[in-house]
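Notes follow once the structure below has been shown.
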Amino acid sequence: MATCQPAYAGRTRGATVIDCHVHLWDPADGHPWIRPDSPHFRRYSVEDLAASGTPVEDLATSGTGVRLAGSILVEAARGDAGETAALWEVARRRPDLIAGYVANLHVHADAGPAAFAALLDRYAPNGMRLGGPDWPRTPESARALVPMLAERGVALELNLIHGALRTAAEVADRHPELTVIVDHLGNPGNLSAEDPATWRADVAYAARRPNVVIKISGLLTQQRGVRAARVAELVRHAVASFGPERCLVGSDWPICLTAGSRAEALELALLGLTGLTAAECERVLHGTAERVYRLRRVATEPDTRHDR
């Protein structure tokens, strides 16, 4: 049986990837979390995203690379409800780059159920995200809208600093029809300073819920300074626990740029996928994204440029 070898591993066939975590922002529009002294304090436009997503030949030490089939554009905490319309407009205008988008649930929390339902119908987001320190400090008004996501088949995405995996499991139990996506592997601590035992226990707890999905993203920055082989162990553990059908990959561009390129961020995610079958690898790299974000299936044409 053929096994999945990431593109850089010397295979003659490039992998097709949906990058499930990218952002766009302009500090002039808001984004109060981006301070003037931050390296992120600059505009990142859709043109910048296009420039970062060349066929990623530079990803591969072997020269094979991966083929980007699109990206999921994730809200960037602009701080106002208008961000949803802006994300929708970019996705509508550049379907060649943007396969889908995830909007911010917080900024619509006070609108009420009727207005929120109208928004979902109008802008049809592929997901809605809640972030913050932890679930108890997430506004009740935002949490009250979660059942509406389940009713409409819109995924809930969580980026909580603490307890993301446990929270995802508890929300999934309450809403079995809801897909709950956990960003950045649930934000485990940097391995150079923290033992991953608690994270592993939380992974096992969340993985028992069939409607929880985990996103392999944020690794380049969160695990800065950690050997790539150790980071790959985190990825392998997550994939073994959840199964390839409940794993996604994302670069976290342009957040990742303080630690490396978009290509390097994807490479680090791919390191933990060696040993999967070709079919399993396809699920992680694009199949799961197509299902949970309700996307069109991507073409997976073999890359034979380096076949000999």
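Expressed in Å, the radius of gyration and Dmax of the Cα atoms of segment 165-254 are 12.7, 39.
Among residues other than Asp173 with Cβ under 15 Å from its Cβ, the summed charge is +2 (Lys and Arg +1, Asp and Glu -1). Each peptide among 46-52, 174-180, 208-214 gets the average number of other Cβ atoms lying within 10 Å of its residues, and from highest to lowest they stand as 208-214, 174-180, 46-52. Shape class for segment 118-204: prolate, because the ratio a/c of the largest to smallest gyration tensor axis (alpha-carbon atoms, square roots of eigenvalues) is 1.5 or more and a/b beats b/c.
Loop-located trypsin sites (Lys or Arg not before Pro) across segment 91-138 with a Cβ neighbour count of 13 or fewer within 10 Å are Arg137, with loop assigned by DSSP. With the whole protein complex present, Tyr44 retains an accessible surface near 20 Å², based on a 1.4 Å probe. Entry for segment 192-242 at q = 0.20 Å⁻¹: log10 I(q)/I(0) = -0.73, Debye formula applied to identical alpha-carbon scatterers, no solvent contribution. Cα centroids of segment 195-272 and segment 94-151: 24 Å apart.
Computed over protein heavy atoms with a 1.4 angstrom probe, the accessible surface ordering of Phe41, Phe116, largest first, is Phe41, Phe116. Here the simple spin-label model places points 7 Å from the Cα toward Cβ, and for Ala229 and Arg94 these points are separated by 3.9 nm.
Approximating the spin labels as points 7 Å out from Cα along Cα→Cβ, the Asp121-to-Asp195 distance works out to 5.4 nm.
The values are calculated or read from the model by the stated rules, or taken from the named source; none is laboratory data. Since this is a predicted model, take the numbers as computed values, not measurements. Glycine gets a Cβ as well: all are built from the backbone with ideal geometry, and neighbour counts include every protein chain shown. Calculation scope for accessible area: heavy atoms of the full protein, side chains included, ligands and nucleic acids excluded. Shrake-Rupley method; radii C 1.70, N 1.55, O 1.52, S 1.80 Å.
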